[in-house]
Structures are given as structure tokens and as C-alpha cells.
Amino acid sequence: MQLQHFIKAKLEKNEFKAALANEELVFFTFLFGAKILEVPKLREEGSSKIPLQCARVIRMVRDGYFGFKDYFQSLCDTVDGGKDFYLLGSDFESYLEAQAAVDKAFADPNKWTQMSILSTAGSGNDDNSSPLPTPHET
């Protein structure tokens, strides 16, 4: 069954969380950040306070720790100034949780391999309007 059809069927039957719990969709376990319906409200509200760990990373970027000190100046200014369009501060704690899950999964080579294969297999697109030629067209 095509992945998107599988997901749609699970969503329609309210079985999506159950599917995740059973690791049928194990490659989705690293999702993080605001849900799509939360984004407009979060952007409208803005954020004058970001998590301490995020503030430390922004300071490191601003100070040139990762190189390109001036290149990210405007991005750092928007996060520090409460106009965080990309919700970096809002999503940061969720990102750290997802990264911890990645670290844990990576420590188990068999699980990591399974997840990698499922992720790759699920990343395809069965959209017939794809501009890429199919094998029989080349």
C-alpha cells in the first residue's frame, strides 16, 4: 500500500497514534516543532522570551562560533527581538527532545538501519505529474 494512502487510512480511522505506538510509522519519530495549525498563532503572539539553551546557541551564532558571524546577524536579531518568524525559539525544546531520540536510535545499529530503510522507502512520491521521466521514458 502506498505510504500516503496508509497514513490517510490511519488518520481517517483515528489510528495514527496507535500506528506510531506500534512503530508502523517508525520513521516519523523524529518530528519536532509546532503543528501547522499552531504556527499562525505563535507567529502572531511572537516571543519575547526564548529557552535558555536556545539563547546560548543564538549567542554562539552571533559571536561567530560556527563561522559566518555577519551572515546570520539578521536571523539572530529577529529571534532575539521577538519576531521569530521561523519559530526557532518556540521549537527549540522540541528539537532537543527529537535530537535525543535520534541519538538513542543511532546507538542501536539494527534499529537505525530499519528506520533508515523505512524512511527512504516512505519518502517516494507516486504523483504522476512528476517532471522526472520514468524508467521506460529514458
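With θ taken as phi - 60° and the coefficients 6.51, -1.76 and 1.60, list the Karplus ³J(HN,Hα) couplings across region 47-53 in order, rounded to whole Hz; mark glycine and proline as x.
8, 8, 10, 10, x, 4, 5
Would you kindly state how much longer the chain becomes between Tyr95 and Lys111 on full extension, computed as 0.36 nm times their sequence separation minus their alpha carbon distance, in nm to one decimal?
That works out to 3.7 nm of additional length.
From the Cα gyration tensor of region 31-120, with a ≥ b ≥ c the square roots of its eigenvalues, which class applies: rounded if a/c is under 1.5, or else prolate if a/b is larger than b/c, or else oblate?
oblate
What ranking do Phe30, Phe68 get, fewest neighbouring Cβ atoms within 10 angstrom at the top?
Phe68, Phe30
Read-outs: derived from the displayed coordinates by stated rules, not from any lab. Keep in mind the model is a prediction, meaning the values are calculated, not measured. For neighbour counting, all protein chains shown are included, and Cβ atoms are generated from backbone atoms with ideal geometry for every residue, glycine included.
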